[in-house]
Amino acid sequence: MKNTIEITESNFEAEVLKSTQPVLVDFWAEWCGPCKMLSPLLDEIATEQAGRVKVAKVNVDNNPTLAARYGIRSIPTLLYIANGEVRHKCVGVTSKSAIVSKLERLAVAA
């Protein structure tokens, strides 16, 4: 079972910007090899952090307006959002420990 949330332009504001929890947003695409490598890590993090943070996924091919709004030029790109504001941006594959560490700092700041 996946605990990640599929985000579209229609639910982005409610699920991400108005979230009371910090949100990790993954901008990805089906054809992206590094995105496929990162996906299982994000599923694990979503399960382990359920109730503390949200892990959301935005398919850039299906949601080009969102990708453009946040200046996404390379994927995967992770945005760490708290209280409706981008607090950190990471481009490329990163380790689970680095992601969790950033999420913990985000939770404290939020």
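The values are calculated or read from the model by the stated rules, or taken from the named source; none is laboratory data. Quick caveat, the model's predicted, so the values are computed rather than measured. For neighbour counting, all protein chains shown are included, and Cβ atoms are generated from backbone atoms with ideal geometry for every residue, glycine included. These accessible areas exclude ligands, DNA and RNA; they are computed on the full protein's heavy atoms, side chains included. Shrake-Rupley method; radii C 1.70, N 1.55, O 1.52, S 1.80 Å.
Here is how the numbers come out for the structure above:
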| quantity | calculated |
| --- | --- |
| Amide hydrogen neighbours beyond the local backbone of Ile5, cut-off 5 Å, H modeled | Val55, Ala56, Lys57 |
| Whole-Hz ³J(HN,Hα) from phi, Karplus 6.51 cos²θ - 1.76 cosθ + 1.60, for the range 62-76, glycine and proline x | 8, 9, x, 5, 5, 4, 5, 4, 9, x, 6, 10, 9, 10, x |
| Heavy-atom accessible area per residue - the chain, 1.4 Å, Å² | 52 |
| Sequence-distant residues sharing a close amide H with His88 (under 5 Å, placed H) | Tyr80 |
| Mean ellipticity per residue at 222 nm, deg cm²/dmol - from DSSP H runs of n ≥ 4 across the chain, formula -39500 (n - 2.57) | -10000 deg cm²/dmol |
| Under Karplus coefficients 6.51, -1.76 and 1.60, residue-wise ³J(HN,Hα) of the range 81-86 in Hz, glycine/proline x | 10, 9, 6, x, 10, 6 |
| Carbon and sulfur %, accessible surface of the chain computed with the full protein complex present, 1.4 Å | 52 |
| Highest to lowest packing among 78-86, 11-19, scored as the average C-beta count within 10 Å | 78-86, 11-19 |
| Given (1) 13.6; (2) 19.3; (3) 14.9, the label whose value is Kirkwood radius over Cα pairs in Å derived from this model | (1) |
